[in-house]
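Working notes for the structure below.
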């Protein structure tokens, strides 16, 4: 599920504030560049998740025996295929 631009921006600001408040990072310049990079990374990761969801869903819909989306069988196979897709992409 893709997040709105506002939610991603809010998450970015919250993450950066947490890093700074807990002294996990020290900024040597303006924080806008770091915020842009955090936001870019979040968007990129969400896109990968959406791509993996699409691959797995297509795989499940291609079965000769039709599965009902949301059924226990669908959920088990979805989880299995999603983990396999994540491993293929080096994200397990």
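Every number here is computed from the coordinates shown, using simple stated rules; none is lab data. The structure presented is a predicted model; accordingly, all values stated were derived computationally and were not measured. We place every Cβ from the backbone using ideal geometry, glycine too, and count neighbours over all the protein chains shown.
Across the chain, the relative contact order, built from alpha-carbon pairs under 8 Å that are at least six residues apart, equals 25 percent. Pairwise Cα distances in the stretch 5-88 exceed 14 Å for 71 percent of all pairs.
Helix 72-88 and the longest principal axis of the C-alpha atoms of the chain enclose an angle of approximately 50°. Taking label points 7 Å from Cα along the Cα-to-Cβ direction, residue 9 and residue 35 give a separation of 0.8 nm.
Against the chain, whose longest principal axis is taken from its Cα atoms, helix 5-21 shows a tilt of about 50°. On the basis of the beta-carbon distance and an R0 of 30 Å, residue 2 and residue 74 show a calculated FRET efficiency of 0.85.
Rounded to the nearest 10 degrees, the inclination of helix 32-61 to the longest alpha-carbon principal axis of the chain is 0 degrees. For the chain, the 222 nm mean residue ellipticity estimated from helices alone, with every DSSP H stretch of n ≥ 4 adding -39500 (n - 2.57) and the total spread over all residues, rounds to -24000 deg cm²/dmol.
Note on residue 19 and residue 89: the extension gain reaches 22.4 nm, defined as 0.36 nm multiplied by sequence separation minus the Cα-Cα distance.
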